[in-house]
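Read through the structure below, which is laid out as structure tokens, and then see the notes.
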Amino acid sequence: MTWAKLQDKKSKTQFIVFNTHFDHESYVSRVESAKLIIKKIQEISTNEIIFVMGDFNMGESEEGCKQMSVSLFHNILILLNFNFFSPQKIDLF
């Protein structure tokens, strides 16, 4: 897992970006990785906007995804883009 605390130049809004890659073979490893991300976000973040991205190797119905959704996100925007050749631009600020 890597992370960076950033600030939008125009709006001065601070946000933290987390990036990860979960194991593709072990269900237990994915659940434990989700727990680790939850712990790290709670340690690092105060009240910033949080982006969590990466290759989670799991669907929304898996336990790790459910844990992250329940533990971290009061207002959640899940962006899934499987069209790697035509990404969509989304303005968030």
Subject >> Nonlocal amide H pairs with V52, under 5 Å, H built at 1.01 Å >> reply: F18
**OP:** Enumerate the lysines that K40 could reach by cross-link, defined here as Cα to Cα under 22 Å, with residues fewer than 8 away along the same chain left out.
**Re:** K5, K66
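The numbers here are math on the coordinates, done by the rules we state, and not lab data. All values derive from a computational prediction rather than experimental measurement.
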